[in-house]
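Okay, structure first, notes after.
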Amino acid sequence: MKTISVTKAASKGIVMGKAFLVVQQNLEADKKLIRDSEKEIEVKKFEKAVKDTVADLQVLAKDNEIFAAHMDVASDPDLHDSVVDKINNELKNAQLALEEYIDATVEMFENLDDEYLRERAADMKDVGKRIMCHLKGIRSNPFEGINEETIVIAEDLAPSDTANMDFKFVRGFITEGGGVTSHVAIMARNREIPAIVGVAGFRSEVTNNDYIILDALGAKIIINPDERTKQEYIKKAEEYKEMKAKLESMNGLPATTVDGRTVELFANIGNIPDAENAVAKGAEGVGLFRSEFLYMENTKFPTEEEQFTTYKAAVETLKKPVIIRTLDIGGDKELSYYKFDVEENPFLGWRAIRISLDLKDVFKTQLRALLRASAYGDIRIMYPMIISVEEFLAANEILEECKQELRRDSIPFNNSIQTGIMIETPASVMCSDDLAREVDFFSIGTNDLTQYLLAVDRGNQKIAKMYNSFHPAVMRAINKVIESGHKYGKIVGMCGEFASDEKALPVLLGMGLDEFSMTATEIASTRYNVRNLNYKECQKLAKEICIQSTIAEVMDLINNFMNKDK
Amino acid sequence: MVSKKVTLTNKTGLHARPASNLVAFVKKFQSTVTIINGEKKANAASIINVLTLGAKQGTELEIVADGADEAVAVEEIAKYIADLKE
């Protein structure tokens, strides 16, 4: 038995099964040149590989039409003629001829500034891989042979890998690479398959068929456990399953404390699949739609029409309030198609609302799309990184211009669309009274607020320990913002990681936070916790917290509060 | 061998679905059909080739057919290209 402690649990849960190490297939061509006498054999080999590939694809095409397009590529006459030509006239073996043709075509497609052709480049690569597998006589699905409960272990997993996976027996993932936002992490969370990523060197610790316990709750991996440990974990896994079922059974019930204070539980989303997931997890709205993904996953600024379609789909999926944050780039988020100057302090530089107010056309395109979508549901606009009343007014003035244009063209929109701001700068905290007078709502972004208040770069590992949202300065700032908002009857929400922090919950609730916006998968447990808390006691706790001088004192108070109930 | 010139008027050009439709249409004929866009030549039966022509709306293309049904092929393919809508 061997236990490994890990840091990056990408998708929660406890599972166990046989280890399955994904063998990275070597699809590189044999580089050997052939003799004249071998030409005919190589051509035959190639033609047979193509025929087998087309046959494979024919089966796949029944369920997915993308493979019909792949069939066209596999049987393309130019592919055939060029490869045969390389074999006959350049004495390349079939593998090498194929590789050279695919590489050259892919490069050509990728270099054309055209999204459609770039996708075709991916098709070319896929088809090339399939033919190559037949040429080399290896199986094209690296997951073949999984037929009992399995933990899949790989260096990393790409979308094209997981597309081949039959999930029937896959219980968990462990990868050496990848962060919590990598493809495998996101896919695992969406499918609710436990996963641990970033375990450097893990593949040299295990062999196929070792028995693995993947504990993504305790952040542990156990290889070949003894019987006692195994039983212990089977029990733990069972308890976790029951707890999850218990939590989810409360979906549909309001997040109301035992003494009757109700708050709203919203989801943070970045696209339409997230919106669907938010509905499934019982979100009562969206507290943060990160519109920057629309921009970052594009090859140009997204058009009004593209944005309109997405925003409309989001609000029609939710049928509940959707707060959409306008473009929040700069800092660590860049666009492939726009050149940003190199800045000394990007987080204190040209980012978020500052960019929007400067690039007025880009901003207006987004605002018009938002307004048009507001005819289809409760869309609310949120401006990021505001430091002054002037900025908020300037943004709303541009919004007013857009409204006039739409009115002139008789395009419908919600005239009383709500506009609010993110509270994430110390300036907005200090001026929260003045801002509260103007806005419709506040949403506290704790990630940036903590970084700016404490002057601690959240990406800097050396000072990562100092980054702590329980710092008295952050606690008091949050309290002040909620008070200011409520003084003017405005809703105050939170959309940072802190909103789903179990220890922060009683404090935030006690301070009077109205809306908690979080990753959809956290909603069920937050709902459960809210329904077991007493608002009056939380209020007392919050008051105490605001007069503590150290993080240690804050944590002591919270820990005592939470243990008292148990 | 016969040839004919035709101008692309559809919005997409020889791209995406119009390109794959054309390739499927060309396969009806026995002749070898080549499409020429300036310096670039494409085997009209090859979707890979046709896409790399990068022929956009407004481009003048030359259709060349060589084979038993070359006369009909050139006429019908030129008409097919001129009539592309999408």
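The values are calculated or read from the model by the stated rules, or taken from the named source; none is laboratory data. Note that the coordinates shown come from a computational prediction; the quantities given were computed from them, not determined experimentally. Positions of Cβ are generated from backbone atoms using ideal geometry, with glycine treated the same way; all protein chains shown enter the neighbour counts. All accessible areas refer to the heavy atoms of the entire protein, side chains included, with ligands and DNA or RNA removed. Shrake-Rupley method; radii C 1.70, N 1.55, O 1.52, S 1.80 Å.
Which angle between 0 and 90 degrees, to the nearest 10, do you get for helix A:94-111 versus the longest principal axis of chain A when only C-alpha atoms count?
40
Once amide H atoms are built 1.01 Å from N in the peptide plane, which residues 5 or more positions from A:SER11, or in another chain, come under 5 Å H to H?
Amide H neighbours of A:SER11: A:ALA195.
Which whole-Hz couplings ³J(HN,Hα) result when phi for each residue of region A:120-131 is put into the Karplus expression 6.51 cos²θ - 1.76 cosθ + 1.60, θ = phi - 60°, listed in order with x for Gly and Pro?
Karplus values, whole Hz, x for Gly and Pro: 5, 4, 5, 4, 4, 4, 4, 5, x, 4, 4, 5.
With every protein chain left in place and a probe of 1.4 Å, what is the accessible surface of B:LYS79, to the nearest 10 Å²?
Roughly 130 Å² of B:LYS79 is accessible to a 1.4 Å probe.
Could you sort the peptides A:378-389, A:84-95 by per-residue average Cβ neighbour count (10 Å cutoff), highest mean leading? Walk me through the intermediate numbers first.
On the way: A:378-389: 22.6, A:84-95: 18.8.
Going from most to least packed, we get A:378-389, A:84-95.
How big is region A:36-136 along each principal axis, measuring the range of its Cα positions in Å and listing the largest first?
42, 33, 20
Loop-only GluC sites (Glu not before Pro) in region A:491-566, please: DSSP not H, G, I, E or B, and at most 13 other Cβ atoms within 10 Å.
A:GLU502
Can you spot the aspartates and glutamates whose alpha carbon is less than 18 Å from A:LYS18's alpha carbon? Ignore those fewer than 8 places along the same chain.
Answer for A:LYS18, where 18 Å is the Cα cut-off: A:GLU144, A:GLU148, A:GLU149, A:GLU155, A:ASP166, A:GLU176, A:GLU205, A:ASP210, A:ASP215, A:ASP226, A:GLU227, A:GLU232, listed by chain and number.
In debye, nearest 20, what is the charge dipole magnitude of the protein assembly as shown about its Cα centre with +1 on Lys and Arg Cβ and -1 on Asp and Glu Cβ, if you could check? Could you put the intermediate results ahead of the total?
Values: 82 positive and 103 negative charges, 331 e Å.
Value, rounded to 20: 1580 debye.
Would you kindly derive the ³J(HN,Hα) couplings of region A:331-348 from the backbone phi angles with the Karplus curve 6.51 cos²θ - 1.76 cosθ + 1.60 (θ = phi - 60°), listing them in order in whole Hz, with x for Gly and Pro?
Along region A:331-348, the couplings run x, 9, 10, 10, 10, 5, 10, 9, 8, 8, 5, 6, 10, 5, 10, x, 6, 9 Hz.
Positive end of the dipole of chain A, charges at C-beta (+1 Lys, Arg; -1 Asp, Glu), about the Cα centre: which of A:LEU265, A:PHE392, A:LEU406 has its Cα farthest in that direction?
A:LEU265
Give me the lysines in straight-line cross-link reach of B:LYS40: C-alpha distance below 17 Å, same-chain residues under 8 apart excluded.
The reachable lysines, counting only those whose Cα sits under 17 Å from B:LYS40, are B:LYS4, B:LYS5, B:LYS56.
On average, how much accessible surface per residue is there in chain A, in Å², for a 1.4 Å probe, leaving out ligands, DNA and RNA?
Heavy-atom SASA per residue in chain A reads 47 Å².
Using a Cα-Cα cut-off of under 28 Å, which lysines could be cross-linked to A:LYS32, ignoring same-chain neighbours fewer than 8 residues away?
Cα-Cα hits under 28 Å: A:LYS44, A:LYS45, A:LYS48, A:LYS51, A:LYS86, A:LYS92, A:LYS125, A:LYS129, A:LYS136.
On each of the three principal axes of the Cα atoms of chain B, give max minus min coordinate, whole Å, ordered largest first.
Largest to smallest, the principal-axis extents are 32, 22, 21 Å.
Farthest toward the dipole's positive end in region A:2-115, which of A:VAL106, A:LEU60, A:PRO77, given Cβ charges of +1 (Lys, Arg) and -1 (Asp, Glu) about the Cα centre?
Farthest towards the positive end: A:LEU60.
Charges on Cβ only, +1 for Lys and Arg, -1 for Asp and Glu, centred on the Cα centroid of the protein assembly as shown; of B:SER20, A:ALA477, A:TYR240, which one is farthest towards the dipole's positive end?
A:TYR240
Return the sequence-ordered ³J(HN,Hα) values of region A:22-32 in whole Hz as given by the Karplus equation 6.51 cos²θ - 1.76 cosθ + 1.60 applied to θ = phi - 60°, using x for Gly and Pro.
Ordered by residue, 3J(HN,Hα) equals 6, 7, 5, 6, 8, 9, 6, 6, 5, 8, 5 Hz.
Can you tell me the mean projection area, over all orientations, of the convex hull of region A:302-417's alpha carbons? Units nm², please.
Directional mean of the projected Cα hull area for region A:302-417 stands at 7.6 nm².
Measure off, as a whole percent, the carbon and sulfur share of the 1.4 Å-probe accessible area of chain A, all protein chains present.
Carbon plus sulfur share of accessible area: 50 percent.
Just report the Cα centroid separation between region A:307-324 and region A:96-126, whole Å.
Taking the Cα centre of each part, region A:307-324 and region A:96-126 sit 36 Å apart.
Note the buried accessible area between B and A here, summed over both chains, with a 1.4 Å probe, in Å² to the nearest 100. The partial results should precede the final answer.
On the way: alone 4830 and 27040 Å², together 30850 Å².
What B and A bury together is about 1000 Å².
When the solvent-accessible surface of protein heavy atoms is calculated with a 1.4 angstrom probe, in what order do B:THR52, A:THR450 fall, highest first?
These residues rank, largest area first, as B:THR52, A:THR450.
Where does helix A:227-248 land angle-wise versus the long Cα axis of chain A, in degrees 0 to 90, nearest 10?
60
At 37 °C and 0.692 mPa s, grab the translational diffusion coefficient of region A:427-468 from Stokes-Einstein with a Kirkwood Rh over Cα pairs, rounded to a whole number in µm² per second. Walk me through the intermediate numbers first.
Working: Rh = 11.7 Å.
Calculated translational D: 281 µm²/s.
Could you report chain B's accessible area per residue, 1.4 Å probe, as an integer in Å²?
50
Going by amide H atoms built from the backbone, whose H comes under 5 Å of the H on A:MET16, apart from near neighbours?
HN-HN under 5 Å from A:MET16: A:LEU214.
Once the principal axes of the Cα atoms of region A:200-265 are found, what is the range along each, listed largest first in whole angstroms?
Taking the Cα atoms of region A:200-265, the three principal extents are 54, 28, 17 Å.
Give me Rg/Rg_expected for the protein assembly as shown, where Rg uses Cα atoms only and Rg_expected = 2.2 N^0.38 Å with N residues.
1.16
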